[in-house]
1. Which pairs have Cβ atoms under 9 Å, sit 6 or more apart or on different chains, and link a residue in the stretch 1-29 that is exposed (fewer than 13 other Cβ atoms within 10 Å of the Cβ) and of a type outside the set (Ser, Thr, Tyr) to one that is modelled with pLDDT of 95 or more and in a loop (DSSP other than H, G, I, E, B)?
2. Determine which single condition Val239 fails, assuming it passes every other condition in (1) part of a loop (DSSP other than H, G, I, E, B); (2) within 17 Å of the chain's Cα centre (by Cα); (3) over 20 Å from Glu138 (Cα atoms).
3. Filter the stretch 134-154 down to the residues that are of a type outside the set (A, V, I, L, M, F, W, C) and loosely packed, with under 13 Cβ neighbours inside 10 Å, then identify the one that is farthest from the chain's Cα centre (by Cα).
4. Could you go through the stretch 244-252 and let me know if any residue there is part of a loop (DSSP other than H, G, I, E, B) and at pLDDT 95 or above.
5. Does Arg133 satisfy being on the phi < 0 side of the Ramachandran plot and part of a loop (DSSP other than H, G, I, E, B)?
6. From (1) part of a strand (DSSP E or B); (2) over 20 Å from Ile141 (Cβ atoms), pick out the condition that doesn't hold for Glu56.
7. Sort out which residues of the stretch 13-53 are at positive phi and in contact with a strand residue (DSSP E or B) (Cβ under 8 Å, 6 or more places away or on another chain), and write them in order of number.
8. For the subset of the stretch 122-154 comprising residues that are hydrophobic (A, V, I, L, M, F, W, C) and out of contact with any strand residue (DSSP E or B) (no Cβ under 7 Å at 6 or more places or on another chain), which member is nearest to Ala199 (Cα to Cα)?
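The values are calculated or read from the model by the stated rules, or taken from the named source; none is laboratory data. Not measured: the values here are computed from a predicted model. Positions of Cβ are backbone-derived with ideal geometry, glycine not excepted, and every protein chain shown enters the neighbour counts.
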Amino acid sequence: MTPTYELAAFAADADADDVAEALRHNGAAVVHNVLDDDTIDRCAAELRPEFDARGELQNNDFNGYTTRRISSVLAYSPASAPLIAHPLVLGVADAILKPHCLAYRIGSATGIEIHPGEGNQVLHTDDSIYPLRVPGLEFQIGVMWALTDFTEENGATRLVLGSHKTDDYFSEHADPVHAVMPKGSVAFYMGSLWHGGGANRSDSPRMGLINTYALGWLRQEVNQYLAVPPEIAQQYDPVIRRLLGYTKHGDSLGHGHRPGGARVPHTPDDKSQTGLDLWVWDEG
């Protein structure tokens, strides 16, 4: 029997395990109205100057020419932290990724604003940055927050449900569904799912924040230590610092030493220490 797939939609009080199970089967899931307008608007307001100043620098055939993209949002948007470290998001990431790693990290955190006139983005998988596939193992998941309403007309993300279960190439002739959802909602999709931004046939931009979460033993898509260096990372709580990668994976992977460098002062006696492992904050 041919399996059937649907884009499961959940209410804000959904259990993370239920969302993860829908994600495993369909490749994607949507949870409606997770965050209030004030929280979303604060994040969007902090992204706005970066969109205006540098959003068109990444324009190309893949990203589009009327779409603005900005990377590494934690470097300039503290208001994005409640989205990136939301308990529901981390619960779903725990369920999908933790069976295959001791900890996961942010691969990328990117604002995307699709403007009127943009066409459909080419369908693709996000995990293609890793040059292998392991059956039954997902390298990463994508989490798209709607900072405005996502509609079929304004460029809601297109998702080819079930495509995470095959190695076949899904072309523009595939039959994707749109992740239609109101502002403050969130869409989850597997890193191996074929997807792409939608065409904006409306008269207003649609803005989203897409974060990827990858297995902790993989190289991060964006070098977070350069994008969000220690002097910025120290403003965030331990959860965000761990997601950025400022901790080891297990006993050895990711340790480092900066001779003479000062550790961020979060020691029990509140004194800076020198010559310690720069990358290992908040151990335990």
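1. Note: pairs meeting the criteria are Ala11/His32; Ala11/Asn33.
2. (1)
3. So in the stretch 134-154, the residues of a type outside the set (A, V, I, L, M, F, W, C) come out as 135-136, 138, 140, 142, 148-149, 151-154.
Next cut, loosely packed, with under 13 Cβ neighbours inside 10 Å only: 135-136.
Numbers: Pro135: 22, Gly136: 21 Å.
That would be Pro135.
4. Going residue by residue through the stretch 244-252, those that are part of a loop (DSSP other than H, G, I, E, B) are 245-248, 250-252.
Next cut, at pLDDT 95 or above only: none.
Looking for residues that are part of a loop (DSSP other than H, G, I, E, B) and at pLDDT 95 or above, one finds none in the stretch 244-252, hence no.
5. Here the answer is yes, as Arg133 does meet what is asked.
6. (1)
7. Taking the stretch 13-53 as the starting set, the residues that turn out to be at positive phi are 27, 33.
Gly27 - this is the single residue of the stretch 13-53 that is at positive phi and in contact with a strand residue (DSSP E or B) (Cβ under 8 Å, 6 or more places away or on another chain).
8. Filtering the stretch 122-154 down to residues hydrophobic (A, V, I, L, M, F, W, C) leaves 122-123, 129, 132, 134, 137, 139, 141, 143-147, 150.
Next cut, out of contact with any strand residue (DSSP E or B) (no Cβ under 7 Å at 6 or more places or on another chain) only: 129, 132, 134, 137.
Working: Ile129: 24, Leu132: 30, Val134: 32, Leu137: 31 Å.
Step by step, filter the stretch 122-154, then rank; the result is Ile129.
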